[in-house]
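The structure under discussion appears below in the form of structure tokens.
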Amino acid sequence: MTTKPRLTATDLPGAAWRKSSYSGNNEGQCVEAADVRASHDGIAIRDSKNPAGPTLLLPAAAFSTFITAAATGEL
């Protein structure tokens, strides 16, 4: 996992960002994720309206737990 205190999308060249299927086409909340386990040992998350802005980097297991909790309504 990276020890860099602040990570942005520019720190992840070549990351293949995928927009959440729950993000609508309007100007609402839009989230994108990229699998960067090969380079940064985790899953990166960013706000699609601010692609050069801050990026959250989670261990893959934590991301999986988060997605499961969100899908089952635990959050």
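Odds and ends about this structure:
- Subset tally (residues that are surrounded by fewer than 15 Cβ atoms within 10 Å (Cβ to Cβ) and at pLDDT 90 or above) for segment 54-68: 9
- Candidates are the residues of segment 1-42 that are in contact with a Pro (Cβ under 8 Å, 6 or more places away or on another chain) and either surrounded by fewer than 15 Cβ atoms within 10 Å (Cβ to Cβ) or in a strand (DSSP E or B) (or both); the one that is modelled with the lowest pLDDT is MET1.
- Filtered by the rule that a residue be in contact (Cβ under 8 Å) with a residue 24 or more places away in the chain and assigned to a loop (DSSP other than H, G, I, E, B), segment 44-75 gives SER48, PRO51, ALA52, GLY53, PRO59.
- With respect to the stated conditions, SER48 is surrounded by 12 or more Cβ atoms within 10 Å (Cβ to Cβ), within 18 Å of ARG6 (Cα to Cα) and at pLDDT below 90.
The values are calculated or read from the model by the stated rules, or taken from the named source; none is laboratory data. Here the structure is a predicted model, which is why all the values come from computation and not from measurement. Don't worry about glycine lacking a Cβ; one is built from the backbone with ideal geometry, like all the others, and counts go over all protein chains shown.
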